[in-house]
1. GluC sites (Glu not before Pro), restricted to region 98-174: which are DSSP loop and have at most 12 other Cβ atoms within 10 Å?
2. Could you give P(r) for region 104-179, binned at 5 Å from zero, as whole percent values over all Cα-Cα pairs?
3. Relative to the longest principal axis of the chain, what angle (0 to 90°, nearest 10) does the C-alpha long axis of helix 118-128 take?
4. Just report the Cα centroid separation between region 125-180 and region 62-81, whole Å.
5. Could you give the alpha-carbon Rg of the chain over 2.2 N^0.38 Å, rounded to two decimals?
6. So, for the chain, what is the accessible surface per residue at a probe of 1.4 Å, expressed in square angstrom?
7. What does the charge dipole of the chain about its Cα centre add up to, to the nearest 20 debye, if the Cβ of each Lys and Arg holds +1 and the Cβ of each Asp and Glu holds -1?
8. When you count, for each residue, the other Cβ atoms within 10 Å and take the mean per peptide, how do 90-97, 110-117, 132-139 rank with the highest first?
Amino acid sequence: MKLLLILLFSISLYADIKQNMFNLYQNKKYEDVCSIGFDNFKKYKKDEEFVSLYAFACLNSDYIDRLAIPVALLKFSREARANSAYFSVILMQKKLLYHALIDNYDLSSLSLPTTDYVLSKVFDFYAKLGVHEPRAFYLFEDENDKKLSYKLYLEKDTKLSKIVIEEFYDTINIKRRVYW
């Protein structure tokens, strides 16, 4: 009887964590969902819905490096594999953009899938530049909304430089994203 009560309590607790994450996600509290998912990941890493919810929350809060493990784990259903492919494209674009900005690597010869995520848009704009002299920053205008633009640059550090993407609507900075 005690085992049954413990099992029911565990299932209820799990449902509460997942439901709480889902509710927070719907309310655009992505950073909270990413943190809760990170704290509980070990327990629920075999639940592809949990892993996908966690990964989308981390993506929406710009914790892109947290996508690496979900990419490897999401493989048992069609939807999970699609999510895994989506996350891997973004992760690869981040790594390639970093390589291009730091090492002056030419991305123009690559033909990669893309996404609607901001980093993907900026990656595509940068890749279209082809071989060029490195600049202090790059400005790109969104193709779908002329009032939306992106500023790409490196924030240099003695140990590890970071990619910075600032998103502007007209001249107002609406979001600043930092990746390494």
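1. On the way: sites: Glu141, Glu143, Glu155, Glu166, Glu167; in loops: Glu143.
When the GluC sites (Glu not before Pro) of region 98-174 are filtered for loop state and at most 12 Cβ neighbours within 10 Å, Glu143 remain.
2. Histogram of Cα-Cα distances, whole percents per bin: 3, 14, 25, 25, 20, 10, 2, 0.
3. 30 degrees
4. 26 Å
5. Rounded to two decimals, the normalised Rg is 1.22.
6. On a per-residue basis, the chain sits at 62 Å².
7. Working: 26 positive and 24 negative charges, 125 e Å.
Computed charge dipole of the chain: roughly 600 debye.
8. Values: 90-97: 19.1, 110-117: 12.5, 132-139: 10.4.
Descending mean neighbour count gives 90-97, 110-117, 132-139.
The values are calculated or read from the model by the stated rules, or taken from the named source; none is laboratory data. Just so it is clear, the model here is predicted, and its values are computed rather than measured. Note that we place each Cβ from the backbone using ideal geometry, even for glycine, and neighbour counts take in every protein chain shown. What goes into the accessible areas is simple: the full protein's heavy atoms, side chains included, and nothing from ligands, DNA or RNA. Shrake-Rupley method; radii C 1.70, N 1.55, O 1.52, S 1.80 Å.
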